[in-house]
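Inspection log for the structure reproduced underneath, given as structure tokens.
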Amino acid sequence: MVQVDAEVLGNVAVGAYRHLTLVTPGLAELARPGQFVALAVGDGTSSMLLRRSFSIHRVRPAGTYGGTTEIVVAAHGPGTQVLTALEPGESVSVVGPLGRGFPLPSQPVPCILVGGGYGSAPLFWLAEQLRERGCPVEIVLGAASADRLFGVVEARRVADGVTVTTDDGSAGTQGWVSDVLPDLIARTGAGVLYGCGPMGMLRSMSGIAAQHGIVAQVAVEEAMACGVGICMTCVMPVSDAQGTTKMVRSCLEGPVFRGDRVRWDAFEDGLCRVPADAVGAPKEVR
């Protein structure tokens, strides 16, 4: 990974989000789909000490301005409000690429890419790489409402087919992405699902993949305060190939995991608990 003071090349509104393009020499050449970057949100006098992490939407290793990295940001709190207010020409400290990206099939296989809200950001670059390997690609985009969707037009450019769902029916099919996945898997003969978005969505698609006997690769959305494995805020329970559950750092071992190895039963009401059978879990004292 590298740390750069990135110049803001562009900051444009896309629905409810902001699409930022950053000049990041040395970073773009290292990145792959599914990885993320961490951005500083204050100067030396700011109370906001922690960086904010975002999936890489895409990179362009060469160009007029050098390598660039694109991210999608939703202004939820003070930190993201700082980032969405950045003007072209201003600079921001960026560390990346971080984490493990999406594994690519060794042989051509039909793939379905599922995105929730602006969690869909890394999927379009992934779709391009999959199609370069001869994989047919379908994209499913879901959100609460039409303005919360991201990348519908871009999806139609990079995929063989696009399905849109919204909770309120303001665009596409009314409902959740999980409502349309079973039929789409049956129709396409998909062998792999890729997903990025809310944890509830990832849990549902992992369950559907298991029911159909196929693999789901999911990029989880756990809070990452440092992004480099020091703070331990993003730990979550994941089982290995032998079935042993360990608490792992999603910023290092992830953010992409096999969906059937994430202990979804540990997530409840927005919290992640340590399963009693996890390595190192507290034991009841009698």
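Numbers below:
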read-out	value
Span-rule helices in the chain, defined as complete DSSP H runs reaching 15 Å or more along the axis (Cα) with Kyte mean at least 0.5	177-188, 199-211
Radius 15 Å from Cβ of ILE214, net charge of other residues (Lys, Arg +1; Asp, Glu -1)	0
Helix-only mean residue ellipticity at 222 nm for the chain, each DSSP H run of n ≥ 4 adding -39500 (n - 2.57), per residue, nearest 500	-5000 deg cm²/dmol
P(r) weight above 23 Å for the range 111-272, C-alpha pairs, percent	37
Per residue, in Å², the accessible surface of the chain once ligands and nucleic acids are set aside, probe 1.4 Å	46
Top of ALA171, ALA38, ALA62 by mean-square fluctuation, Gaussian network on the chain, Cα under 10 Å	ALA62
Cβ-based net charge around GLY229, under 10 Å, with every Lys or Arg adding one and every Asp or Glu removing one	0
Area of TYR118 that stays accessible when all protein chains are in place (1.4 Å probe, Å², to 10)	70
Size-normalised alpha-carbon gyration radius of the range 50-129, reference 2.2 N^0.38 Å	1.28
Over the chain, relative contact order from alpha-carbon pairs under 8 Å, at least 6 apart, %	16
Portion, in percent, of the accessible area of the chain that falls on carbon or sulfur, probe 1.4 Å	51
Largest to smallest accessible area among ARG51, ARG187, ARG261 [probe 1.4 Å]	ARG187, ARG261, ARG51
PHE124 accessible area, 1.4 Å probe, all protein chains in place, Å² to nearest 10	0
Charge context of THR80, other residues only, Cβ under 13 angstrom, K/R +1, D/E -1	+3
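The values are calculated or read from the model by the stated rules, or taken from the named source; none is laboratory data. Computed from a prediction, not measured in an experiment: that's the story for all the values here. Here Cβ is always computed from backbone atoms with ideal geometry, including for glycine, and neighbour counts include all displayed protein chains. Please note that ligands, DNA and RNA were not included when accessible areas were found on the heavy atoms of the full protein model with its side chains. Shrake-Rupley method; radii C 1.70, N 1.55, O 1.52, S 1.80 Å.
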